[in-house]
Structures are given as structure tokens and as C-alpha cells.
Amino acid sequence: MPTASTARRMFELLEPICLVTYFADECNEELAALGHRTYWDGYFASRAAPLGRVPAQVVHAAFYSFAEGEAARHIPSAWETIPPEASVAARERGSAASLRRILGDELAGSPGLVRAADLTTKAATSAPTEGRVMYAGMRTLPVPSDPVARLWHSATMLREHRGDGHVAALVGARIGGTEAHVLTALEMGIHPPESFGRIHHLPKQRLAAVMDGLRERGLVDTESRFTEAGRETKRRIEALTDELASPPYEALSPAELDELMTELEPITASLVAAGSQ
């Protein structure tokens, strides 16, 4: 049976595939060509689209890590003139184009990539959807026939599955979205954590309240650094996230799992070398 360490290794191998959506130019260009005015319009419109035309409050709840009001700046306005289905298709086209450019014709057209896409899809379409809102939304989308697009699509399904589990781990630890970013910043060695790129734009009063709350709970000290309790809380969250991310890989035999990791390694290495952009 796959373990938490298996899920962690698969996350390391698949994450660079998913990151082209956010780091490379092609996806943003495709979304801009539809008429999305900003990066964040396209981000919210395309990522939330599998949920259907839900209110901003639902997107905020499902995404979890964004500050209050951020989803409402883009949802539902980003869908008013551009159908959600068009945004999803643009995200897939752009992401697949980025992968083909970065990997090059030889690797993108290799039998190894086709096999990796097939095995990733087998895992990504096999996990239970209960309690996995974003993953369940992705499962409603058709799986692309093109191997490069299929690899991206299935890697992204697994990313959303893992993300849903991460949210569950955070909720269980009573760590909110902004607090989660603070803990991540501290783990990355960013100090002060309020300078982290995901939260530095938030109102100073809001960030001060978050930091005060973490201090009151004994997770952060007076110098805005991890306490032992804070470090252990972050460790437990990550360990549970890995554990909850393992069910998809139960669909693969040990031999298939080994084969998948082997086939993904050169793909991931190329993407990491390019910074997924």
C-alpha cells in the first residue's frame, strides 16, 4: 500500500508539471486572449470553473488560502462575458504548450511521457471524491487525449486532491489560510514572515492580528519566529497532508508506481532546470 513518503515523492515529481500554469507565459497569454484583464482574473476564472458558476463565497471556501474578499474581486465578474468552459480550455491549451516548449520535441513526444501520462491518469481518476471539492470538480472535466495535455491535466487533478487534503489538515489544526502562509514563510526561512509574497500586500492591521493570534497560541515567538510548538504544528500538518494524498496511488501496482517515478524523473528534471517557465 502506498505510504505518505510515496505521496511526498509524487508531489515532488508532479508539482513542476503543474507550476507551468502559474509560472510560464503561455497560459496567461491564452487567458488574456479570451479577454481576462489581469493574471488574477484568469487564475480565479479558470481554476474555479470546474465548480460551476458558484458564488465568490464558495470559491473562497474551496481555495481556502486567499484573504477575505480576494475571490470576490474576480468571481463572478470574470465569468460574466467569458464562459467558464472557455477559461478551462484556455488553461489546458496554455499549460500543455508550455510543457511542450520546455521539454522539447524529443522528450514531449517520447514513449516515456506517454506512459507517464497514462499511469498518472490511472492514479488521478481512481481516488474517492468525498470531501474533496476541488478534486471532484476536476474529475467532471474530460481527460485530454493528447499525452502532454493529459499529463498536465492528471497532475493537476492530483494537485487539487492533495490541496483538498491539505485544507482538511489545516482546518483540523485550526490554522487559517493567512496563518498557513505565515507558517510556510517561516519554514522557508523568510523573515519577517509578513514579507512573504503571498501575504505582503494584505493590510498591516490584518497581518498584525494574524501574528498576534499565532503568538497567543504559542506557535510564534516575540521575534516572529517559530516556537517548538509552531514547528511541530507545521510538521504535523505536512505529515497529514502526505498521508491524505496517498489514496490515488493505491490504484497502481508497486511495479507501475516504480515505472511512473522512473518515467517522470527526466520530465521533472527538465522542468526544474527551467523553473517551470
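Residues that are open to solvent by less than 30 Å² (accessible area, probe 1.4 Å) and of a type outside the set (A, V, I, L, M, F, W, C) are absent from segment 23-30. Out of all the residues in segment 7-49, which are within 19 Å of M157 (Cβ to Cβ), in contact with a helix residue (DSSP H, G or I) (Cβ under 6 Å, 6 or more places away or on another chain) and not hydrophobic (A, V, I, L, M, F, W, C)? If the condition is that a residue be within 19 Å of M157 (Cβ to Cβ), in contact with a helix residue (DSSP H, G or I) (Cβ under 6 Å, 6 or more places away or on another chain) and not hydrophobic (A, V, I, L, M, F, W, C), then R8, P16, T21, S46 are the ones that fit. When segment 262-272 is limited to residues that are surrounded by fewer than 18 Cβ atoms within 10 Å (Cβ to Cβ) and under 20 Å from the mean Cα position of the chain (by Cα), the one that is nearest to D105 (Cα to Cα) turns out to be S270.
Of the helices (runs of 4 or more DSSP H) lying entirely inside segment 37-141, those containing at least 1 residues that are open to solvent by less than 60 Å² (accessible area, probe 1.4 Å) and under 20 Å from L260 (Cβ atoms) span 84-108, 111-124, 133-139. Within segment 145-202, if we keep just the residues that are touching a Gly at 6+ places or on another chain (Cβ under 8 Å) and of a type in the set (A, V, I, L, M, F, W, C), the residue that is nearest to R47 (Cα to Cα) turns out to be A168. A single member of A49, A62, A32, A45 is at pLDDT 95 or above, among the small types (G, A, S) and more than 21 Å from G163 (Cα to Cα), and it is A32. Consider segment 197-254 and keep the residues that are basic (K, R) and within 21 Å of the chain's Cα centre (by Cα). The one that is farthest from A123 (Cα to Cα) is R198. The set of residues from segment 7-16 being buried (at least 19 other Cβ atoms within 10 Å of the Cβ) and either at pLDDT below 95 or within 16 Å of A116 (Cβ to Cβ) (or both) comprises M10, L13, L14, P16.
If you go through segment 142-165 and keep only what is open to solvent by less than 10 Å² (accessible area, probe 1.4 Å) and either small (G, A, S) or touching a strand residue (DSSP E or B) at 6+ places or on another chain (Cβ under 9 Å) (or both), you end up with A149, S154, A155, G165.
The values are calculated or read from the model by the stated rules, or taken from the named source; none is laboratory data. Just so we're clear, the structure is a prediction, and the values are computed from it rather than from any experiment. All Cβ positions, even for glycine, are placed from backbone atoms using ideal geometry, and neighbour counts span all protein chains on display. Ligands, DNA and RNA are excluded from the accessible area calculation, which covers all protein heavy atoms including side chains. Shrake-Rupley method; radii C 1.70, N 1.55, O 1.52, S 1.80 Å.
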